[in-house]
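Everything below concerns the one structure shown next.
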C-alpha cells in the first residue's frame, strides 16, 4: 500500500516538476515572468528525489557495482548485503536526526517567491530517510532470517521485472 502511494506521489511530483520547468521556459521566451515556478519546482524536486530514492530501494533498483560481489558464494553475499544495509541504516538515522534539526532551523525562512516556509522542502530529508529506514530494516530482517534458516533463495530468485533481487 505504501509503495503504491509513493508511486502516485512521485508520478504527480515529477509531472508537476516537468510542467513547471517547461512552461516557465516557454513563457520566459515571451517575456512573461513565472519566477515562483522555480521555487515550486525546487520543492517538488526535493520530495521526488527522496521519495523516489525509497521507491528505488524497495524495488532494488539503486545503482550498484556487483561484479565482484556476484563472484562470492551466496552465503557470503548475504553477509555483505547485511553489513551494507546496517551501514545504510546508520547513515539514514543520522540523516533523519539532522534533517529534522534542519526543518526546525528553517521554519522561519521562506521561499523567495512563495509565502511558505522552506521547512516544507527540508522536510523531504527526514521523511524520505525515514521511509528508506523502514525499507532497510525489512532488508536487514530478511538477510538475518537467511542466516538463521540457512535458506538463501531470496537472494537468487528473480523478480517480475526481470532482474535479480540481489
request  = Taking 7 Å along the Cα-to-C-beta vector as the label spot, tell me the residue 28-residue 76 distance in nanometres, rounded to one decimal.
outcome  = 5.3
note = Helix 124-149: inclination vs the chain longest Cα principal axis, degrees, rounded to 10, gives 10
key: residue 117-residue 12 pseudo-label distance in nm [points 7 Å out on the Cα-to-Cβ vector]   = 2.2
ask   = With the contact rule set at Cα under 8 Å and sequence spacing of 6 or more, what percent relative contact order holds for the chain?
value = 25
inquiry  = On a full-extension model of 0.36 nm per residue, what is the gain between residue 107 and residue 3, subtracting their alpha-carbon distance, rounded to one decimal in nm?
reply    = 34.5 nm
request  = Compute the long axis of helix 36-58 from its Cα atoms, compare it with the longest principal axis of the Cα atoms of the chain, and write down the angle in degrees, 0 to 90, nearest 10.
outcome  = 10
key: Principal-axis tilt of helix 74-105 within the chain, Cα atoms, nearest 10 degrees   = 30
ask   = Add -39500 (n - 2.57) for each DSSP H run of 4 or more in the chain, then divide by its residues: what number comes out at 222 nm, to the nearest 500 deg cm²/dmol?
value = -24000 deg cm²/dmol
request  = Using a/c under 1.5 as the rounded threshold, could you call segment 35-104 rounded, prolate or oblate? The axes a ≥ b ≥ c are square roots of the C-alpha gyration tensor eigenvalues, and prolate needs a/b larger than b/c, oblate otherwise.
outcome  = oblate
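Here, each number is a calculation from the coordinates, and none is a lab measurement. Given the structure is predicted, the values throughout are model-derived calculations rather than measurements. FYI the Cβ positions are ideal-geometry reconstructions off the backbone, even for glycines, and counts take in every protein chain you see.
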